[in-house]
Every structure is written in C-alpha cells, then in structure tokens.
Amino acid sequence: MSASGMGQDQGQRLHTPSSPARERITPRIPAGFNGRWTRRQWAHASLFATLGALVAAIVPGFDSAMQTPGRPQTTSMSLALPQLSLGNRGPSTDHWQSVRLKPGQTLSGVFSELGIPYSQLERVMQHPKIKPVLRRLRPGTELAFNLPADGSVRAMTITLDDQPMELEFAADALREKSVPQEVTTRTVVLSGNVGKSLFASARKVGLGHRQLAQLTDEMFKYDIDFDSDLDEDDRFSVVVDRTWKNGQLAETGPVLAATFTVDGKLKSAFRHVRAGKPEYFTPDGRSLRRPFIRMPIPYARLSSGFGARRHPVLGRMRMHKGVDYAAGTGTPIMAAGDARVQFVGWKGGYGRAVILDHGRGHTTLYGHMSAFAKIRPGQRIAQGTVIGRVGSTGLATGPHLHYEFRVNGVHRNPLSMTMPPPEPLRGAALVAFKNETRRALDKIREVENVIYYPGEDSRVAKAEPAKKPARKG
C-alpha cells in the first residue's frame, strides 16, 4: 500500500462515526478562527457573566434566610385587666336577636323564621305566666331570643307594658329569670309659648293629654278662658316627674305645679295631697277644686234650661226641674261631686237613671242614659268618676243628659247654685305647702330665665316683664 493510500485511509478513520472516544478528545475548532471573538460571542459572554453575578448575590440571601433567627429583645409590662366571667368564654357565648311584631305576625311565625323548634314554642305557650300574656300581643310588641352558635335557644324575653319578662330554656323546665332594669325618676320643668295652639305647644314640649286636661279642667278652669284669653306669646311652665327605664322615657306623672303668664301677669297652681287625696291650690293655700261640676258632661251644649216649658213629648206646659245637655249617644257622664251612689236603674220617664248623695242633703240625678258604668248602690265615688253614657231612654226625643240638683228634696237650678268652697289650708299644712311652692316657683323661674331671657339682660327682664299691648275688642 502506498503512502498516499495510508494517509487517505487514516483520515477516513479519524472522521468515521464508529470512533466516539476520539471525537470527545479531539477539539473541533471552527474553521477560520483567527484568535479573535466575534460580536455574537462577546454578547454571549456578557450574558453569562451577568447571570453569574446575580446568582452570587442571591444565593447568600437564601442561605441567611434558612438559618434560625436569633431571639429579639423584649420588654415586659404589667397591666391590671378585668377578670372575665366564665359565661363569656368559649364558642357558646350569648347571641341575642331582637324582633318587633309586625301586623298579622304571630309568635308561631317568629319561631318558624328563627328556626326554633315547635316543641320549644309549645313549652312557651303552656307557661302559666306567659299564656295570658299571649292574648295581649299586639303589633310592635318587642321579643328577643338568645340563640347561641350551636343552633339551640337558650332564653327569650317579652316586653309588654314596658315590663320585660325573661324565660330560660332549661333541659327539664322553662324557668323565669328576673330582668334588672335601670329606673330613673327626675323632676323636670317643661316650658313653652302658647303659640297658635296650646294643645300642639304642650305636645311639643312633652306633655300628654292627661297633663293638658289637668291644666285646663282642674287648675286654671276658672281663672283662664282658654278660648279667648291666651295670645301666641303667652307662656306656660309645668313641673312634672318623669321616669326613664333603661334610658327610655317610660312615664310622665301628674302636674305638680304650673304657671301661665298671661298679659304679663303670673297665674299659678300647685298640687298638694290633703286627707289622702290630691288637690290643686293657689299659692296662698285656697283650693281650686269646686264642690260640684256645673256641667257633668264634656263636649255638650245646653239644650233646655230650668223652669216651666212645653214638654217635647207630652205636648203640655210642665215644670222642667233640671237642665238638659245635648250630646251624642255614648258620651261619658261624670259625677258632679264626691258622693255615695243612692240609685242605679230604670226610673219612669227618666229612663235609665243614677242618683248620687253628696251629703248635707245635696243630691243629683242623671237621666235618659244609654248605659251605666260599673257602679252599685252604696258605693263611694269621687268627683269626675264616669257613671254612665248619654242616651235617649224614657221620655226623650233625642240623645241628651237630664241633670237635676236637689237640696233636702227641693229642686234647684244647677246653673245658679252657689256652694261654699272647700276649706283652705291652715297651720302646719299651710307652712309645708308654701315651702313646696317656693321651691317649685324658683325652679320655674330658673328655667324661664334661661329660655326666655338669655344673656345679660335677664335680670332686667325678670324684674320688669314686658307689657303687651291691650287686646282689641
């Protein structure tokens, strides 16, 4: 074999695929490499260098993050904390849900909406104290249920007449639980201008119908004509006791003292208990109570006076021994004074009638009633007590009250009768009364000075109340 043939044969063996070992140790240098990198090679080198630098910076951070941190410095402080009750711990804490009954809603419906089992409703409905209460449930009645997270019912409360009642659902029975209430009573002064309507102004300052009736019918009935005497800028002040339960106003008591300032003149009246009965007095101790009410029926008109007249039913002249007040059927009739009930029943032409004995030979008769109140012969009743209702029984052409006044059996005109006033307060009772009235007046003046005379001119205004122009007509 020639030398040239050997060289050719060796070259072929070097490049045959059957010689991998020689391929690994034999470097493959690109053709045309002259010892200098191209632009692409420099770019690749720069990229690899940047990645290497990033790895060198990140890896130590991971290494420190994996190490156990050292204990930080802490500072201890001792604090006094309130002791927690055991009942407020754990997952079974109280959870109250309140419900206010809507029109048409029943207790059964409330239990169903809250998911309370019907068996619990049966226990409530059979409870001896709750059973009568259920008949009085009305729209607006407040209910509350203690529904813990475990889906059971723990307790419920019913608020009726501002009095809550709580029941606990024990395993063996339904138990009552007292509900503590925060009750606060304060004596306050309510004051305002008469404005266009005394009724509206009284309601605006917080007085109800009961207190307004005491002002107009018991305290100032004979001193103030409420239809014509009052102007818009006249003012009134009333002292009452107000009671709050759990922060909510629950009750306003009777008027303890009141003043009206009319044309710059002060008129006042005060409540005082004498012989166990409350009365209203003037500042000097004279009773404002009258022995008899001249008109024992509200919202009525005088339809027939006392004296001879032609009888509307019999058609002939006949002595009319009383007075008639026309009013709608069912209008309440009041006792003209303190009395003992002498007669209740049917009395000839008077129809359904009541006779009251006021003592010292004085009696009153009330005829043509449609119905009687719950009174009986021998019963003692107070002035103003409702004894019956207006009707047209007996000899009557329409609904009205026939009212008679007799002294020792002799008929008198009720409209012209003059009766001696009640005895005034005397001695120690008068001294105690004046001490009470002085404190009440001081409180009223204090409030009025703040409301009506603010600023530096209050002392002048107090000493010299502004005079109003004279009324026209």
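Tell me which residues, restricted to region 163-172, are of a type in the set (Asp, Glu) and outside any loop (DSSP other than H, G, I, E, B).
Result: GLU166, GLU168.
Considering only region 130-142, I want to know if a residue exists there that is within 14 Å of TRP96 (Cβ to Cβ), among the aliphatic types (A, V, I, L, M) and in contact with a strand residue (DSSP E or B) (Cβ under 7 Å, 6 or more places away or on another chain).
No.
For the structure I just gave you, tell me whether THR385 is in contact (Cβ under 8 Å) with a residue 60 or more places away in the chain and either in the same structural domain as TYR280 (by TED's automatic domain parsing) or under 20 Å from ARG290 (Cα atoms) (or both).
In short, no.
LYS204: more than 30 Å from LEU134 (Cβ to Cβ) and part of a loop (DSSP other than H, G, I, E, B), yes or no?
Judged against the criteria, LYS204 is not a match.
Specify the residue that is surrounded by the fewest Cβ atoms within 10 Å (Cβ to Cβ); the eligible residues are those in region 284-320 that are on the phi < 0 side of the Ramachandran plot, among the small types (Gly, Ala, Ser) and at pLDDT below 90.
If we take residues in region 284-320 being on the phi < 0 side of the Ramachandran plot, among the small types (Gly, Ala, Ser) and at pLDDT below 90, then ALA308 is surrounded by the fewest Cβ atoms within 10 Å (Cβ to Cβ).
Here are some conditions: (1) modelled with pLDDT under 95; (2) at positive phi. GLY345 meets all but one. Which one does it not meet?
Evaluating GLY345 over (1) modelled with pLDDT under 95; (2) at positive phi leaves (1) as the failure.
For residues in region 199-227 being under 26 Å from MET334 (Cα atoms) and of a type in the set (Gly, Ala, Ser), which is farthest from the chain's Cα centre (by Cα)?
Selected residue: ALA213.
Here's the yes/no breakdown for (1) modelled with pLDDT of 90 or more; (2) in the same structural domain as THR385 (by TED's automatic domain parsing); (3) part of a helix (DSSP H, G or I):
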| residue | (1), (2), (3) |
| --- | --- |
| GLN214 | yes, no, yes |
| ILE224 | no, no, no |
| ASP227 | no, no, no |
| GLU232 | yes, no, no |
| VAL239 | yes, no, no |
| THR252 | yes, no, no |
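In this structure, does VAL323 turn out to be in the same structural domain as PRO399 (by TED's automatic domain parsing) and modelled with pLDDT of 95 or more?
no
Here are THR385, THR437, THR393: which of them is in contact with a Gly (Cβ under 6 Å, 6 or more places away or on another chain) and at pLDDT 90 or above?
Going through THR385, THR437, THR393 in turn, the sole match is THR393.
Identify all residues within region 173-190 that are in a strand (DSSP E or B) and of a type outside the set (Asp, Glu); write none if there are none.
Correct list: LEU174, ARG175, LYS177, VAL183, THR184, THR185, ARG186, THR187, VAL188, VAL189, LEU190.
Suppose we filter GLY337, GLY345, GLY349 for residues that are under 44 Å from the mean Cα position of the chain (by Cα), small (Gly, Ala, Ser) and not in a strand (DSSP E or B); which single one remains?
Exactly one of GLY337, GLY345, GLY349 is under 44 Å from the mean Cα position of the chain (by Cα), small (Gly, Ala, Ser) and not in a strand (DSSP E or B), namely GLY337.
Can you find a residue in region 101-118 that is surrounded by 13 or more Cβ atoms within 10 Å (Cβ to Cβ) and in contact with a Gly (Cβ under 7 Å, 6 or more places away or on another chain)?
yes
The values are calculated or read from the model by the stated rules, or taken from the named source; none is laboratory data. A quick note: this is a predicted structure, and the numbers were derived from the prediction, not measured. Note that we place each Cβ from the backbone using ideal geometry, even for glycine, and neighbour counts take in every protein chain shown.
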